[in-house]
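Just so it is clear, none of the values below were taken in a lab; they were calculated from the coordinates. Note that the coordinates shown come from a computational prediction; the quantities given were computed from them, not determined experimentally. Because the Cβ atoms are built from the backbone with ideal geometry, glycine has one as well, and the counts that use them run over all protein chains shown.
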Amino acid sequence: MQRYFVEKEQFENDTVRILGEDARHIGKVMRGRAGDEIIVCDGAGRVVLAELESVEAGEVGAKIVEEMKETSEARFRVDIAQSLPKGDKLETVIQKCTEIGASAFVPFLSERTVVQYDAKKEEKRLQRWSKIAKEAAEQSHRSRIPDVRQPLTYKQLLKTFANYDLVLFCYEKENGLQLRDAVRPFAESKTEGSANVLVVVGPEGGFAEREADEAAASGAKIAGLGKRILRAETAGMAALACILYESGEMGGNL
């Protein structure tokens, strides 16, 4: 069943309005008619089954039929901090990691970042990234849209480590600690409730040794992702899948 995310303000008592591109998608692409049912989410956890009542070019009205209990969100909140990669690679990271279950994306600039960051273009890019997260959340039947945050400097990123229960710094020179070995005991200790985890991934050229030392000093666990060197846009996906597996989301140990 087709799923749409709307602003909380679009819910009114026992009705909900779908506006803009989503309304046009219902009318023109899905050929929606009165009586058809859709799923509508507010992006913060509320999910309802709704029946279409009116379908116009820029607005669709629907009656809420049922409040739905969703279990599609991961038990652990896992944010992906990705050093800005070249081209449209971050769009791939956002799309695929949203599908897997990431909770937020934190772009940042590191020593070997190749991208020339332009603050003037920031708002437009954030809008593009947020749209990709929304569409991926709809496609994968998420009940929440991952937050895409404004890019940080490396020093700003280090300061955010204190907000997490576990920070995993993906580094090929990890001195023997693999991601699974860092995640497994943590997941086993968090059998009740949830936890906030941050995965930090470098750019195409990887992290400088100084950056790894600073991350460790700020509380991160320096961990590898196996014997092979992964691309910048692949590492976050692999790490996220490993974390969710070990936390029991994908048939893991718990």
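Points worth noting:
- Calculated [θ] (222 nm, deg cm²/dmol) that DSSP helices of n ≥ 4 give over the chain, each run adding -39,500 (n - 2.57): -9000 deg cm²/dmol
- The shape of the stretch 1-127 comes out prolate: with a ≥ b ≥ c from the C-alpha gyration tensor, a/c is at least 1.5 and a/b beats b/c.
- Ordering of 179-188, 196-205, 29-38 by packing [mean C-beta count within 10 Å, highest first]: 196-205, 179-188, 29-38
- Across K69/K96; K8/K28; K63/K190; K86/K221, pairs whose alpha-carbon gap is larger than 30 Å: K63/K190
- Backbone phi angles across the stretch 95-108, fed through the Karplus curve with coefficients 6.51, -1.76 and 1.60 (θ = phi - 60°), yield HN-Hα couplings of 4, 6, 6, 5, 4, 6, x, 4, 9, 7, 10, 10, x, 8 Hz in residue order; Gly and Pro are listed as x.
- Cβ crowding within 10 Å averaged over residues, with 89-97, 223-231, 42-50, 117-125 ranked highest first: 89-97, 42-50, 223-231, 117-125
- Amide H contacts of S110 (H built 1.01 Å from N, under 5 Å, at least 5 apart or other chain): L84
- Anisotropy class of the stretch 154-204 from Cα gyration tensor, a/c 1.5 cut: oblate
- Net dipole in debye of the stretch 3-68 [+1 Lys, Arg Cβ; -1 Asp, Glu Cβ; about Cα centre; nearest 20]: 280
- Ratio Rg/Rh, restricted to the stretch 3-68 and using Cα atoms, in which Rh is the Kirkwood radius: 0.92
- Rounded to the nearest 20 debye, the dipole size of the chain about its Cα centre is 780 debye, using +1 on the Cβ of Lys and Arg and -1 on the Cβ of Asp and Glu.
- The smallest convex shape that holds all Cα atoms of the chain, its convex hull, gives 139 Å³ per residue.
- Remark: the Cα gyration tensor places the stretch 92-166 in the oblate category, a/c being 1.5 or greater and a/b not exceeding b/c.
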